1. Do we find that I353 is over 30 Å from M27 (Cα atoms) and under 20 Å from the mean Cα position of the chain (by Cα) in this structure?
2. Checking the conditions here, which among Q242, Q233, Q227 is within 14 Å of ligand 2 (Cβ to nearest atom), open to solvent by 10 Å² or more (accessible area, probe 1.4 Å), polar (S, T, N, Q) and farther than 21 Å from P154 by Cα?
3. When you go through E285, E263 one by one, which is the residue that is within 16 Å of ligand 1 (Cβ to nearest atom) and among the acidic types (D, E)?
4. Consider only pairs whose beta carbons are under 7 Å apart and that are at least six residues apart or on different chains; among these, list those whose first residue lies in the range 235-249 and is over 13 Å from G183 (Cα atoms) and whose second residue is within 11 Å of ligand 2 (Cβ to nearest atom) and aromatic (F, W, Y).
5. Which ranges mark the strands (runs of 3 or more DSSP E) fully within the range 260-337 that have 3 or more residues being open to solvent by 20 Å² or more (accessible area, probe 1.4 Å)?
6. Tally time: how many residues in the range 186-237 are under 13 Å from I272 (Cβ atoms), more than 16 Å from ligand 1 (Cβ to nearest atom) and among the acidic types (D, E)?
7. Pairs, please: C-beta under 9 Å, at least 6 apart or cross-chain, first residue in contact (Cβ under 8 Å) with a residue 12 or more places away in the chain and in the range 73-91, second open to solvent by 80 Å² or more (accessible area, probe 1.4 Å)?
8. For a quick check of your reading of the model, give me the residue pairs whose first member lies in the range 197-210 and is closer than 17 Å to F68 by Cβ, whose second is of a type in the set (V, I, T) and open to solvent by less than 20 Å² (accessible area, probe 1.4 Å), with beta-carbon atoms closer than 7 Å and at least 6 apart or on different chains.
Amino acid sequence: MTDYNVIVIGAGPAGYVAAIRCAQLGMTTACIDHRLNAEQKPVLGGTCLNVGCIPSKTLLDSSHHYYFMQKQAAAHGIKCDGLSIDIAAMHARKFKVIKILTHGIASLFKKNKVTHIPGNARLSGDKQIEITAHDGSTQILSADNIIIATGSSPVQMPVAPLNENIVDSTGALAFDTVPPRLGIIGAGAIGLELGSVWSRLGSKVTLLEALPDFLVHADRHIARVVQGELKKQGLKIHLNAQVTATSVHSQEVTVTYTDKKGEHTLLVDKLIVAVGRQPNTTDLEVPLNTQGFISVDTHCQTDIPGIYAIGDVIGGPMLAHKGSEEGVMVAEHIAGHKTHAVSYEMMPYIVYITPEIAWVGKTEAQLKSAGIAYTVGQFPFAACGRARASGDISGMVRIMADTQSDRILGVHICGLSASELIAEAVLAITLKSTIEDLVKTIHAHPTLSEATHEAALAVKGRMIHG
Ligand code: FAD
Ligand code: AMP
């Protein structure tokens, strides 16, 4: 007799969602997590709620309000003399948001009868887990099924070891003053979002990116537009930049990097290392793939029957919603439901900067290399009434459709509320919609979503407002 039907290791968006769904399906479920909050109390929510998605968006919103008041409010006829920022208050608000949401998960666990076990979990063979509590005491629990959802941690760079001045994303969410000069290694989603927060609050931000192209996975056209917008905001982005050394003297970081023109030196007050995330696989004796992620099949089951893995620890898009989808799928699979593999090709990707970037489906580059004949329709927010009214007209909607079947293959948006607008595109692609379906869909006026409608019309050469 086992202690639980299911034990989930990790209470991030993959693990806590899996645990709730397992319990909803009638399985006795426990969820183990060793994370402690700022008050050294056990906390649910994983990276996402504590040091990831939520605190970054909280600071992005606060810094956006400051930037708006400073640079854009006057154009709306709003005067704000004597504007200032209170970083401590900003962080206090961030912690309040985190507290509400993490306590919300605790309530959901209670409501659904998921047992939260704080502590570090170690697989100890034959579906047994050894748990070391924060006071050092240990216990062994068994389960019919184990779901590993241990997530990921920031990749560290030997040339930039962390200290008071060189920090990872967690450190960058907690600066207690605005660093006058801020360097960031890595211009991916995390580097750009953190760079935007501190740039809006007054830092002079320089990003060093190893790849030759900006936002390599995004639509090329949109990446160029966004790069230009960030430049206007004062963010410097150096591509092809390989950091070779760092040193800290008297609170100043010297970053040495090379690019096509040779060796350069960047002097900053703080340096953020944001070069990606690596899976947390310590203490888990399950087969890993060549990149160090846990190997799983299409149902997220490892080579060991009854042991599953989901979320960042199995790689693929390292996104909260991807892990949650896998969590639901695995719970239903364990419960014996007929389940389908997660549709990774319908995954929305979002970068929460200004302008926001969001996309789903294929890029032009992918369609070209697959030899698929496609038609592009594009509509700029500058021609959208609602965007004009808001004063934020940067960006566009671009849609790619199969020339023969009319099926929507990719939607790429940059601009105000792109993160919300993409939901319609995700639904359209998931339902295998055609451009004609989108054209026939009535979009309210005046809304930003009219830009999506017009882009669909543009695919057909029937645009009204462009
Ligand atoms: P995690 O959230 O990492 O949770 C895993 C949990 O398991 C952790 O609490 C960990 O402490 C615990 N754990 C690990 N090992 C053990 C063990 N042996 N015993 C007990 N507990 C253990 N994604 C988005 O989709 N949108 C965003 O806007 C976004 N913004 C981000 C911003 C930042 C700054 C960062 C760092 C990440 C962001 N992400 C975003 C990524 C997102 O946070 C991750 O994809 C997501 O948290 C992964 O969920 P997970 O459940 O797999 O793992
Ligand atoms: P992401 O994977 O979205 O978190 O983004 C990480 C970014 O860091 C990617 O754009 C990588 O190309 C970039 N990157 C990775 N390693 C390095 C490095 N050594 N120097 C600079 N940028 C890097």
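1. Yes; evaluated as a whole, the condition is true for this residue.
2. Only one candidate passes the filter, namely Q227.
3. E285 is the lone residue from the list that is within 16 Å of ligand 1 (Cβ to nearest atom) and among the acidic types (D, E).
4. So the pair list comes out as L239/F214; Q242/Y257; T244/Y257.
5. Hits in the range 260-337: 262-268, 277-279.
6. Residues flagged as under 13 Å from I272 (Cβ atoms), more than 16 Å from ligand 1 (Cβ to nearest atom) and among the acidic types (D, E) within the range 186-237 amount to 1.
7. What qualifies is L83/Q70; I87/D176; I87/T177; A88/D176; H91/D176.
8. Close Cβ pairs (under 7 Å, with a partner that is of a type in the set (V, I, T) and open to solvent by less than 20 Å² (accessible area, probe 1.4 Å)) amount to W198/V205; S199/V205.
The values are calculated or read from the model by the stated rules, or taken from the named source; none is laboratory data. Everything numeric here is computed off the predicted structure, so don't read it as measured data. Heads up, the Cβs are rebuilt from the backbone with ideal geometry, glycines too, and the neighbour counts pull from every protein chain shown. For accessibility, only protein heavy atoms count, side chains too; no ligands or nucleic acids. Shrake-Rupley method; radii C 1.70, N 1.55, O 1.52, S 1.80 Å.
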